[in-house]
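The values are calculated or read from the model by the stated rules, or taken from the named source; none is laboratory data. Note that the structure is a prediction, hence the values are computed from the model and not measured. Here Cβ is always computed from backbone atoms with ideal geometry, including for glycine, and neighbour counts include all displayed protein chains. For the accessible areas, the whole protein counts, side chains as well, though only heavy atoms, and no ligand, DNA or RNA atoms are used. Shrake-Rupley method; radii C 1.70, N 1.55, O 1.52, S 1.80 Å.
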Amino acid sequence: MQLFTRQVIDLLTPPLAEHLSPTEIAQLIEVPKIAAQGDLAFPTFRLAKLLRKAPPLIAQDIAQQIETEAFDIKTDGAYINFFVKREVLAETVVGTILDQADGYGCSDEGRGQRVLVEYNSANISKDMHHGYIRGLMIGASIYKIAQCLGYETVTINHLGDYGINFGMIIVAFKRWGDREDVERRGVSALNELYVRFRQEAEDDPTLMKEAREWFKHLEDGTSEEAHELWTWFKEVSLRDYDVVWRKLGSHFDSFAGEAFYSDMMPAVRQELLDKELIFTEDGAELIDLSSENLPNIIVTTSSGNSLYITRDIAAAKYRKDTYDFARNIYVVGSEQRLHFQQLKAILKKMGYDWYDQIVHVDHGLIMLADGKMSSRTGEVVLLNDVLETAIERTRQLIEQKNPELVDKDEVARQVGLGAIAFKELYTSRIKDYVFDWDDALSFEGETGPYLQYTNVRCHSLLMRGGETEGEIDYALLDDDFSNELIRELAQFPETIHFAFERYEPALISRYLIGVAKLFNKFYQQVTILSNVPAERTARLALVRAVSQTLENGMKLINMEAPKRM
Ligand code: ARG
C-alpha cells in the first residue's frame, strides 16, 4: 500500500502542520495487518503530550478536518484508519502498473550506493555439481533485486583457484593424465585426476610431498610449467562452468579469486603485526578473537603459508578500496558461518568501521533423494545434467499435453529451467531440502510451471480479447475478486524491498504464487471476456497488470516467461 502513503501524508499535513513535519508523519504511518483497520493507519499517541488531549479525541478531531474523495476515513480509538475506495485503488494500482510496465515494483531507493554480490565462487578443477544450484540462484536473484532497487551492482565469482589442491592435480596430471582427454572431457577429467590422487596418496606418501613442491613452485612463480598447467586447468574449468552459467543466465563482473589475492599476503600479515593482533603458537600465527566470543584463528601456518581466511581479509580490503561498497554480500552455504563471523571480527579488530557492511547470506543444502553429493569421491550429480534432464522431461510433457505447440524447444528450455529456478527460491534460503523431480516439474501447486502457466493464461485472454477501445472505467473493477487481486498487486514494491533487506528471494516467489492463485480465482468467478465492452476493457486491463507483475517478478527469481506453453 506504499502507493497511497504519499496521499495520506498530504491529507494529514495541513491539520498537523504545527506539530509534525511530513517526514515525521511518514514515519508514523502504519500498514495494518487486519483489513478492518484500513489500508493505512495513523496513530495519534505521539500527539497526546503536545496537545494535552486524549489520543482518541485527537484522532476524531483530525479525522473531521480531512476532506478526501479517495479514502473512507474511520477512527478506531487512537487510530485514524484510511480505507482506499475500490475505484481509486483500481485506478491507482492498475494505472501505475500499466504505466510503469517493466519498471513496476522497482524503485531508486538504492541510488548512489554500490552493492557487491559474490556468489558461486567455484573451485577450479572440480565438477560443478548439483549442489551449486542453490547459491547460483540466490546470488543471481539478489543481484537482480538490487539492480531493480537502483543499487549499482558488481557481481563476483571468487574463484577457488589457489592452494595445495593445485599441487595435487599437477602431480596427478603428470603421472596419469592425458592432454587430449582433458581437452575433450573437460573439468570432469580434472576432477577424476584429483580423486585418483586422493586415493593413491593414501598408500604412497611421496605423492603428497611432490604435491607440496609443485604448489610451492606455483606460489613462488619459479616454474613455468606449473604456471602453464594451472592456467590451463582454469581455462578448461571455466569453459565448462560457462555452459551452466549461460543456461542459468548467471552474470559475473569479476572473477578475482583466491589466487588474485595471493601476492597481497605479506602486506596483510604486516598490517596484522603492526596492529598487534597476532600471537604465535607452535610456530603458527593466530588472531585472538575471544573478545568477540569466537574461536581464535590461524592466519599463517607454521610453514609460513597464508590461509583461506587470510585471502579473504585481503579480498575484503581490496573490494572496499576498489568498489567502495555499501554492502559486500557473500552468498555462501551456512557451513561457512563461523568463517564469515571470524572475517568480520578480524576486520573490526583491524579498525575498519565498514566491517558491518559485510553480509554473509548463508543458505542450506540441497539434497538428492539418494543422498549423494561429494566431490572427494567423485560421486556427484552434475548440475549441467540436472538442467538438461529438466529440459528433456519438460519436452516430453509438452509432447503429451500440447503436441501442436510451436517453438517446443524454446518453451521446454524456459519451463524446465524455470522449474529448477523456482524450486530453489521457494524454500527459505536457510532450509535444507530434498530435490524431487515430479514435484519440481508439476504444473499444479506451488511450482514454476504453475506461475508460467498462469501468465500464459493471461496472454491468451489478451489475445482473445482483441484490441480494447476507449477509456478504462476503473469503477467496473469493484467486485470482491477484482478488488482482492488488485490489493495483492499493490504489495509488489514492498515485497521487493523486503526481499532485499532480508536477502530472501523466496518472499518474491511466495508473493507471485499468491498473485497467481488470486488471479485464477478471479478467472473462474468473473467473466473476463464480458459482452459488455466497458467491462471487458476494464477486466482486460487488470489481466494485463497481472501479467506484467508476474513477468517482472519472475525475472527477479531467474525465470523466463513464455507466452505460450
Ligand atoms: N570456494 C569456496 C568453497 O567452495 C567458497 C568461497 C566463498 N567465498 C569467500 N569469499 N570465502 O568453499
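Observations on the model:
- Only one of the listed residues (G304, G257, G283, G249) is under 20 Å from G139 (Cβ atoms) and open to solvent by 20 Å² or more (accessible area, probe 1.4 Å). That residue is G249.
- Of note, A70 satisfies the criterion of being out of contact with any His (no Cβ under 8 Å at 6 or more places or on another chain), in contact (Cβ under 8 Å) with a residue 12 or more places away in the chain and either among the polar types (S, T, N, Q) or more than 22 Å from I496 (Cα to Cα) (or both).
- Pairs with Cβ under 8 Å, 6+ apart, first in region 420-444 and part of a helix (DSSP H, G or I), second open to solvent by 60 Å² or more (accessible area, probe 1.4 Å) and not acidic (D, E): Y426/R510; W437/R393; L441/R393
- Residue that is farthest from the ligand (Cβ to nearest atom), among those in region 315-331 that are under 30 Å from G283 (Cβ atoms) and crowded, with 21+ Cβ neighbours inside 10 Å: A316
- Among the residues of region 151-188, just one is polar (S, T, N, Q), away from the ligand (no atom under 16 Å from the Cβ) and either over 23 Å from F260 (Cβ atoms) or out of contact with any helix residue (DSSP H, G or I) (no Cβ under 7 Å at 6 or more places or on another chain) (or both), namely S188.
- Test for S107: is it within 16 Å of the ligand (Cβ to nearest atom) and small (G, A, S): no
- Residue that is nearest to L387 (Cα to Cα), among those in region 125-146 that are assigned to a loop (DSSP other than H, G, I, E, B) and out of contact with any Phe, Trp or Tyr (no Cβ under 6 Å at 6 or more places or on another chain): D127
- The listed residues are E183, E271, and the only one of them that is in a helix (DSSP H, G or I), charged (D, E, K, R), farther than 30 Å from M137 by Cβ and open to solvent by less than 70 Å² (accessible area, probe 1.4 Å) turns out to be E271.
- Top-ranked residue in region 231-265 [being farther than 27 Å from E392 by Cβ and more than 16 Å from the ligand (Cβ to nearest atom); ranked as modelled with the lowest pLDDT]: D263
- Any hit, region 133-145, residues being within 14 Å of the chain's Cα centre (by Cα), modelled with pLDDT of 95 or more, more than 10 Å from the ligand (Cβ to nearest atom) and open to solvent by 10 Å² or more (accessible area, probe 1.4 Å): yes
- Checked against (1) over 30 Å from the mean Cα position of the chain (by Cα); (2) basic (K, R); (3) open to solvent by less than 10 Å² (accessible area, probe 1.4 Å), R86 passes all but condition (3).
- Close pairs (7 angstrom Cβ cut-off, 6 or more residues apart or separate chains): over 10 Å from I29 (Cβ atoms) and among the β-branched types (V, I, T) in region 1-13, open to solvent by 10 Å² or more (accessible area, probe 1.4 Å) and not in a loop (DSSP other than H, G, I, E, B) anywhere: T13/P22
- Checklist (1) under 30 Å from P493 (Cβ atoms); (2) among the polar types (S, T, N, Q); (3) within 16 Å of the ligand (Cβ to nearest atom) applied to S125, failing item: (1)
- Search result, residues across region 332-347 that are open to solvent by less than 40 Å² (accessible area, probe 1.4 Å) and without any contact (Cβ under 8 Å) to a residue 60 or more places away in the chain: H339, F340, Q342, L343, A345, L347
- When A36, A48, A41 are checked against the criterion of being over 31 Å from the mean Cα position of the chain (by Cα) and either of a type in the set (S, T, N, Q) or over 27 Å from R487 (Cβ atoms) (or both), a single residue qualifies: A48.
- Within region 518-565, tally of residues that are aromatic (F, W, Y) and more than 25 Å from C148 (Cβ to Cβ): 2
- Flag if R311 is buried (at least 17 other Cβ atoms within 10 Å of the Cβ), at pLDDT 95 or above, within 16 Å of the ligand (Cβ to nearest atom) and within 26 Å of K431 (Cα to Cα): no
- Unmet requirement for G418, which otherwise passes all of (1) open to solvent by 10 Å² or more (accessible area, probe 1.4 Å); (2) touching a Gly at 6+ places or on another chain (Cβ under 9 Å): (1)
- Meets criteria (over 23 Å from the mean Cα position of the chain (by Cα), under 27 Å from L136 (Cβ atoms) and assigned to a helix (DSSP H, G or I)) for Y318: yes
- Test: residue in region 42-60 that is of a type in the set (S, T, N, Q) and out of contact with any Phe, Trp or Tyr (no Cβ under 8 Å at 6 or more places or on another chain): yes
- Here the condition is being within 16 Å of the ligand (Cβ to nearest atom) and outside any loop (DSSP other than H, G, I, E, B); of N120, N191, it holds for N191 alone.
- Residues (open to solvent by less than 30 Å² (accessible area, probe 1.4 Å), assigned to a helix (DSSP H, G or I) and not aromatic (F, W, Y)) located in region 209-246: A211, A226, L229, V236, S237, V244
- Hits in region 332-342 - residues which are closer than 14 Å to L294 by Cα and near the ligand (Cβ under 8 Å from one of its atoms): Q336, H339, F340
- Pairs linking a residue in region 481-499 that is under 13 Å from L550 (Cβ atoms) to a residue that is crowded, with 24+ Cβ neighbours inside 10 Å and of a type in the set (F, W, Y), with Cβ atoms under 8 Å and 6 or more positions apart or on different chains, are L485/F519.
Table: residues versus (1) modelled with pLDDT under 95; (2) surrounded by fewer than 20 Cβ atoms within 10 Å (Cβ to Cβ); (3) more than 20 Å from Q491 (Cβ to Cβ).
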position: R6; (1), (2), (3): yes, yes, no
position: E18; (1), (2), (3): yes, yes, yes
position: K53; (1), (2), (3): yes, yes, yes
position: F71; (1), (2), (3): no, no, no
